[in-house]
Every structure is written in structure tokens, then in C-alpha cells.
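Values in this text are rule-based calculations from the coordinates and carry no lab data. Quantities reported herein were computed from a predicted structural model and do not represent experimental measurements. Note that each Cβ is placed from the backbone with ideal geometry, even for glycine, and that neighbours are counted across all protein chains shown.
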Amino acid sequence: MSVKQIQAREAALEQSGVETPLYAPRQKIYPQNVAGRFRNIKWAILFLTLGVYYFLPFARWDRGLDAPSQAVLVDLEHRRFYFFFIEIWPQEFYYLTGLLIIAALTLFLMNAVAGRLWCGYLCPQTVWTDLFLWIERLTEGDRRERMQNADKPWNLESFARATLKHWGWLMIAWWTGGAWVLYFTDAPTLVYELATFSAPFTAYLWILILTVTTYFFAGHMREQVCTYMCPWPRIQAALTDEWALNVTYRYDRGEPRGSVKKAAVLRTAGKPAGDCVDCNQCFNVCPTGVDIRDGLQIDCIQCGLCIDACDSVMTKIGRPTGLIGYDTDIIVKRRQECKPELPVKMVRARTILYAGLIAVIGVVMLYALVTRSSISLSILHDRNPLFVRLSDGSIRNAYTLRVANKYGGAREFSIRLDRFDAAHLEVVGAQKGPDGWPVIKVGPDQTLESRILVSIAADSHPPRSQDIRFILKDLAGGESAVAKDHFISSDEKHD
Amino acid sequence: MSSTNPNVKMVDSHTGTATTGHEWDGIQELNTPLPRWWLVILYATIVWSVGYVFVYPAIPMISSFTQGMFGWSSRGDVASELNALKALRGPMVSALGGASLADIERDPKLLTFARAQGKAAFGDNCAPCHGAGGGGSKGFANLNDDDWLWGGKAEDIQQTIAFGIRSGHPKGREGSMPAFGRDGILKSAEVSQVADFVRSLSGLSTEASFDKAAGAKIFEENCAACHGSDGKGNVETGAPNLTDKIWLWSSDKATIVEGLTNGRGNVMPAWVDRLDDTTIKALTVYVHTLGGGK
């Protein structure tokens, strides 16, 4: 039911003095099959997105013996995220933040350009619902047949068809959950374990959860998820402006609506007649049960199927297509008022802003990703004691050094100090290199914690606290990392 | 409250629902029956609780409680988790037990494990006196420096931890500073002279009345036996080196006089009977690598 209808009913109820019920039962929708340009686009997107989702876990990527060979893997156990050539450690999760910001801005940009592109074509709720509707048509027939059978009592055939439909839905839902868990561990191994009932309990649990949610959301809830549960229709309504393209009924061309015969009579009499023949095809194919001719409304996910339906009717009756199409209300209104045609304003402040922000964040992230170090170095000064006086009066500070080697092979690093010479530095358990600086070895894709002692002579009159820099240098590759800390020499606040 | 007869069923005129008959400021509470599903769940939980009583520990007795059919206890859960942790650490712990102290410090993996185990054991057992990071305090040795009264090699440290100092254990380290003043061995003027002499050994200031020759004579006759003629101390008796910059009790004269007068001899306990060998080994490695080891 559209917003207009609800408002009309509420007004009628108010007048009649009967209190409005607090909720209305769902009106079942029987979307009719339709062929056309937008239907084909939607099929293509469906195949592409579901194909990627269902089969991506099986893609392989060689990372050597010490790392998993799955192209896309969220390795929760070892706290790593692999995406083809990229390996993300937990402390680098800001890349995901950046990706989410880009995703949000892309959503805004799509909305500024052509309204609910996301809802109509890309949203998983839409894609899976589309697939489930296809199953429903295969098993229980198209709109007319399903509507006719809805009120009839059950018989063997309708029961068999319904069983087949729910079985098909459950199979897809089950595969949806099955593909989900494959992203979290080696896919072929898990498939084998699942088949032999030796997989971890969590895997079965997640498959169950996603099977149930997919089955209910795409099979039973459908447009209610979009209309009542999803916040995006509300957010996008607040974000949009009058220049965003929307699936629009061109009432300047369509009205007054009437049958083909009536229109022909009017036209021969030289009177105005609209192209809309009031065939209701746009309403019949709508997956959310909206009549697009009532204008922009919150239930409409702008999937474009009404465009296909209307175009095929217009072709049949020999009128030009495009009675429903991507347009803006401003342009349609000007056309109706017979003012000069306005071009679509794609380049506007907000589209420039969104596109610019996406480009800037994308470039920053790409730069960070390309130039990121494969070493991470952190240093922690001992808290107790802050410094130690040695028997010859010299002063020593101790630090805990943590080195992460984000590389698939073992590496040797030398540890150096600036402003202090090699004799002042000792790494517990490490050998000294040929140049006198200590050398530590860190295994492939591992971290190493070392205890570091730095001392300075008693007669050097050091300040209470001075800066110290630890420089870690890869002996083979030359890559280096720097960590800063302090060297503390006295308890006193003033020197 | 308005007067209400409990036998008359009050009905709310607006909703047609019976009320409880209670009224506050003109508002009456509707007597809405509980939903059936709610009651079903209530009865189901009652049935469930009966089974629960038999399966789990439930009823307190005079000196114990009913144990339940499967003998489950939360303490048992903790024990099994601890055992699982022990089993997990097992290979590393046995590797630690089998390796020599020198081996451990050469192997980065064993060293990291030993230091982690040692740090935990240090926090539990040693930190109350030596401080959380082994920084020590007056009278309790700083374990981060390079001055070791009883030797700073890993083996020396292991022996000190295991058997203690003046701990009463037969293998404990023995030797204490006598109470020269209290026992009448030195007069108070002599104590002052020798205290100034001790300060002069490490280049600290002395009082105007200080006679170096007299102080040196007293030192030679009374102190040199343990601390050595040069004052450099002796790890066999735990006599500190008096020429360095590290003072266990403080370098000011009053503290030195106090030590000379009343003697010194505080105790490090023997841990051999309280901690297992592997823990003592891990503690040794931890203390040795704090920075003070020799």
C-alpha cells in the first residue's frame, strides 16, 4: 500500500470516527514476470554478485609455504586478513575503516546521481529476493496463477509445488550460509569437513543462522525489510535533492489516462489524450507493490522493472517508449508547463563533493597501502625502575622492543641508536653484528619481543630526560623503521 | 483509596477490562491476565528446575551439599581449564626444565618463554620486597643494576633464589654485618671516624673532624676481614663493595653509622621448598636478564 493510499484511508477513518488500528496486516504482493532492458541489467548484476559471493572463497593465491593460499580469507584464529596480494594485521584495521568510508560516500554519490541505485540493483536484499521470486515463478507460476491459487484450498499439486518452492529457497539459503563460513577458513578443507560432519560447531551454527535469515528475509519478509526495517530509505530521502534522477512517471505525457480506444477518439477530435492506457502493468510487476504513477514514495526501491513493463506496452500499442523512465520531477513539471526542456544536471556541488572525497580518500589509502612498511616497531620504556645507577655511576634505561615482521620469510635486523654509539646498546640474548650493533632475527610473519638496555657514562651530565631513537634496519633488504622514546637519568624534576 | 468491596468485580468502563480494584489518584489498575505463552514458559521453567536440582549441586546439607548426578562443580571447571593451560605449556615447560641456564639465554624462543614465566612468578613472589620491576628499595636489592652482593652470574642467582640469604636453610647464604656499636666493639667516635672513611672510599664528602689515618686503621682492624683492605667487598660473605656508587641502605653518614652501630642482616627466604625447579629456573633467567646479570 502506498503512502497516499494509507493517508487517504486514515483521513476516511478519522472522518468516520473509528479509531485507526495500530497496525495493518501485510498485503501480499504477487510481482509479475517482465522482460526488458532493466530486467536484463538486474539479471547480469545478480549473476555477477552472487557468482563472486558463492565462488570467491575457492580462488587461490600463492603466498608461499608459511601463509594460507586462499585469495580472500578472514583468518580470525591468527588475526590476519588476506585479500589477494594484501595482508592486513589487526593493528592495520584502519584500512577497513577507509574502505567503509569510501563505501558510504559511494552510496551518497549513487544517491545524488540516480536515487536508489543501491536499493534497486545492488542491495543483497533485492538480489536475493529477485532470485527467490524466480524460484517462486518456476514452481507456483506467475502472478495471475499464484493469485488464483492463493484462495483455493490445498490440493496435492499445490502442496507439491509449495514444497518444491520452499525446498529451492532453503537450498539457496543454505548455500548462502555455506559460502559465508568459507571466507573464514581454508575453503576446500572446510567443504570436506562439512561433508564428513567433522567441521567446527561454529561453522554449522553460522550456516544455520544465515540459512534462516536468508530464507525469511528473501522468502517471506521481502519488501517489508526495505520499507520497515532498513534505515537507508529514510537516510537517502534526507540526502537527496530535486536534481537526482529517479524512476519517474512522466505525467505530462501520460495524463489524462484512458483506454486505447478512448484516446483514439479524443485524438481524432483534436482533444488532449495521455499515453497511459491504465493497464496497471507497472503496478503488477512491482516487487514492492507500488503504483509509480502516484509519484516518488518511500516503498519504491527504484528497480526499473515498471519501466520495462510500460515500455513493452507502449511498443505494443505503437506509442513511443519512455512513459516511465529516469527523470526528475522538475523537468517533468516544466515540460507539462510547456517551458523549454531542461538538461539533466549531473554535475552539481554534491556530486562533485562526493566524487572528490572518494578520489581523495582512495588516493590516500592507495598511497598508504603501496608505501606501507613490512616492519612494525614499538618500544616501551620500563616503568619501574625508570632508570638504574650502575656501580661505576653510569646510568642505564631498559626498554621492551617489539618487532613485527610482516613478511613471508625470516629476516635479520640490526638495532641502532642515534646520538649514542654502539657500546651503549645491549639487546639481551642477541649477538652483535660486525659493525658492533646488535642483530636480531625474526621469523616469517611473526613478532619478537626483546629486552633492550641503553647506558651512558656517569660524567656526561645528562639532562633529566632526553629523546632517544631506535632504528631497525633490515640487513638484507635495507628497509628500516624508527621508534622514539626517552632516556631518563634522574628523579629530580629540575636539573 | 476509595472504599472497595473485594467481592464486587470492578470493570473499567473505557476498556471493558476487569480491574484489580486498587485505585491511586483516580487511576485503577487493569487486571489483565497473563498471556498463555508466558504461563507455559513459567511452568516449563519450574519443571526444568526440578531436573536441575538432580543434575547440578543444589541443596545445602549440614556440612556439605548435594553433588548432582555428574559431579559437576565450578571449581572443577577452573581446575580443568588450568590443566588444559598446563598441557598447552607442557612442551615448553619440559624444554625449559631440560635446558641449562646458558642454553635458555641463547635460544630466543626459550628465552621469551622463560622471561614470561619468570615475570609472572616474580610478580607473585618477589615483587612485595623487590618491586614490580625489580627496582628494589632501601634495604631490598635493586635487581636491575650490576652490583651483586652474592654474585651476579646466572648460577649464583639461582642459588640465592633457591636457598635464600640468612634464611635458616642449611644451604642458605650466611654472613652478616656485626653490630659494632651496640656490642661495644667500637666506641661512638670510632664509628663516626670509620663511617667517614667508608664514604671517602667512593669519593663522597667527609666531615671536618675526619682523620683519615685513624679511620683507615679502624677499618683495617675491624672491617677489612670481610670487605677487603681495598673495601671492594667479598661475594663469599655477601660483604658489599664500598667503593662503588650503589648503596643498598643509602650513602648518607647517618645510615652508615646506623649500620655500624646495629649491624645489618635482613633475610631473603629460601624458595626451593615453595617453587618447583622450572619456576626457579625461569625466575633466574628473568632476574638475570633484567639487566643486572654478569
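With R₀ set to 56 Å, the beta-carbon distance separating A:Arg319 from A:Thr106 gives a calculated FRET efficiency near 0.90.
Annotation: Cα Rg of the range B:188-262 relative to the compact-globule expectation 2.2 N^0.38 Å equals 0.99.
As a length-normalised measure over Cα pairs under 8 Å and 6 or more apart, the relative contact order of chain A settles at 14 percent. Extension gain for the segment A:Ser490 to A:Met171, taken as residue separation times 0.36 nm less the Cα-Cα distance, is 107.7 nm to one decimal.
Footprinting exposure proxy ranking of B:His14, A:His424, B:His288, fewest other C-beta atoms within 10 angstrom first, gives B:His14, A:His424, B:His288. Neighbour counts of C-beta atoms inside 10 Å place A:Arg335, B:Arg36, B:Arg89, A:Arg267 in the sequence B:Arg36, A:Arg267, B:Arg89, A:Arg335, starting with the fewest. Can you give the calculated 222 nm mean residue ellipticity of chain A, where each DSSP H run of n ≥ 4 adds -39,500 (n - 2.57) and the sum is split over every residue, rounded to the nearest 500 deg cm²/dmol? -12500 deg cm²/dmol, from helical runs alone.
Extension gain for the segment A:Glu412 to A:Asn384, taken as residue separation times 0.36 nm less the Cα-Cα distance, is 7.1 nm to one decimal. Name the chymotrypsin sites (Phe, Trp or Tyr not before Pro) in the range A:134-187 that are in a loop by DSSP and that have at most 12 other C-beta atoms within 10 Å, would you? Those that pass, being in a loop and sparsely packed, are A:Trp154. Along each principal axis, taking the top coordinate minus the bottom one, the Cα set of the range A:237-309 gives 46, 26, 16 Å in descending order. Averaged over the residues of peptide A:449-462, the number of Cβ atoms from other protein chains lying within 10 Å of each residue's Cβ is 2. When you filter the trypsin sites (Lys or Arg not before Pro) in the range A:387-419 for DSSP loop state and at most 13 other Cβ atoms inside 10 Å of their Cβ, you are left with A:Arg419.
In the protein assembly as shown, a dipole from Cβ-located charges (positive for Lys and Arg, negative for Asp and Glu) runs towards its positive end, and of A:Leu182, A:Phe159, A:Gly408 it is A:Phe159 whose Cα lies farthest in that direction. So which GluC sites (Glu not before Pro) in the range B:204-247 end up in coil per DSSP with only 14 or fewer other C-beta atoms within 10 Å? Within the range B:204-247, the qualifying GluC sites (Glu not before Pro) (loop, at most 14 other Cβ atoms within 10 Å) are B:Glu207, B:Glu236. GNM remark for chain B: springs join alpha carbons under 10 Å apart, and the peak mean-square fluctuation among B:Asp12, B:Asp276, B:Asp156 falls on B:Asp12.
By the Cβ rule of 4.7 Å, chain A holds the following cysteines without a possible disulfide partner: A:Cys119, A:Cys123, A:Cys226, A:Cys230, A:Cys276, A:Cys279, A:Cys286, A:Cys300, A:Cys303, A:Cys310, A:Cys338.
The alpha-carbon positions of the range A:375-488 define a convex hull whose volume is 99 Å³ per residue. Ranking of B:Lys138, B:Lys109, B:Lys281 by neighbouring Cβ atoms within 10 Å, starting from the fewest: B:Lys138, B:Lys109, B:Lys281.
Legend: translational diffusion of the protein assembly as shown by Stokes-Einstein, Rh = Kirkwood radius over C-alpha pairs, 20 °C, 1.002 mPa s; D = 59 µm²/s.
Within chain A, what's the longest run with no GluC sites (Glu not before Pro) in a DSSP loop and at most 16 other beta-carbon atoms within 10 Å? Give the range, please. The longest uninterrupted stretch comes out as A:78-241. Spatially, the range A:195-237 and the range B:125-200 are offset by 70 Å when compared through their Cα centroids.
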